[in-house]
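Visitor: Once you've had a glance at the structure underneath, I'll fire off some questions.
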């Protein structure tokens, strides 16, 4: 069964995405595939806690190095190759999907997921946002393309 796990994860991620009835690009499929293979995804279930039911949402990410985030900031290019999915400690959120939209429960579940990360980044439209935890709080590092990470970030 272990050899089939990535395929089962990928199929489950695709099933949630199909529930959205939205366009799924080849890039979306690549993110889902690589995230399933690296186990960089989390399913969200009904607030009733019934984990025997189908997931109602997911988040997929890559664990990238700061060079990948800088490339994203300066060029807008997201990780493309499988090896880029596991190069660093920065959680680059690639896709978030909830079948029933972003309800208050879904928003809380997503915030709980992000709170478990020391540093995370995401791209929204043409802007990239990077947040790092400092003293228990997240601080926005940058939203422009002139930012350079300091050593040790």
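Visitor: Only bridges whose two residues both fall in the stretch 15-107 count here: according to DSSP, what percent of them are antiparallel, nearest 5?
Guide: Once the DSSP bridges in the stretch 15-107 are tallied, antiparallel ones form about 90 percent.
Visitor: Quick check: Cα centre of the stretch 64-106 to Cα centre of the stretch 12-43, how many Å?
Guide: About 13 Å separates the Cα centre of the stretch 64-106 from the one of the stretch 12-43.
Visitor: Right, next: Can you give the FRET efficiency for residue 18 and residue 114, using 1/(1 + (r/R0)^6), R0 = 25 Å, r = Cβ-Cβ distance, to the nearest 0.05?
Guide: With R0 = 25 Å, the Cβ-Cβ based efficiency is 0.50.
Visitor: Rounded to the nearest 0.05, what FRET efficiency is calculated for residue 71 and residue 43 with R0 set to 30 Å and r the Cβ-Cβ distance?
Guide: 0.55
Visitor: Something else: So for the stretch 1-63, what percent of the C-alpha to C-alpha distances run longer than 18 Å?
Guide: Across the stretch 1-63, Cα pairs with separations above 18 Å total 35 percent.
Visitor: Moving on. Evaluate the distance, in nm, between pseudo-label points positioned 7 Å from the Cα of residue 29 and of residue 102 along their respective Cα→Cβ axes.
Guide: Modelled inter-label distance: 2.7 nm.
Visitor: Using every pair of alpha-carbon atoms in the chain, split the distances into 5 Å bins beginning at 0 and state the percent of pairs per bin, rounded to integers.
Guide: Using 5 Å bins, I get a P(r) of 2, 9, 18, 21, 20, 16, 9, 4, 1, 0 for the chain.
Visitor: Which order, highest average first, do 3-13, 90-100 follow once you tally other Cβ atoms within 10 Å for each residue and take the mean per peptide?
Guide: Averaged packing, sorted descending, gives the order 90-100, 3-13.
Visitor: Any idea what diffusion coefficient the stretch 84-138 gets from Stokes-Einstein, in µm²/s, Kirkwood Rh on alpha carbon pairs, 10 °C, 1.306 mPa s? It would help to have the intermediate numbers written out before the result.
Guide: Details: Rh = 12.5 Å.
Result for D is 127 µm²/s.
Coordinate-derived values only; no laboratory data. Just so we're clear, the structure is a prediction, and the values are computed from it rather than from any experiment. No Cβ is skipped: glycine too gets one built from the backbone with ideal geometry, and neighbour counts run over all protein chains shown.
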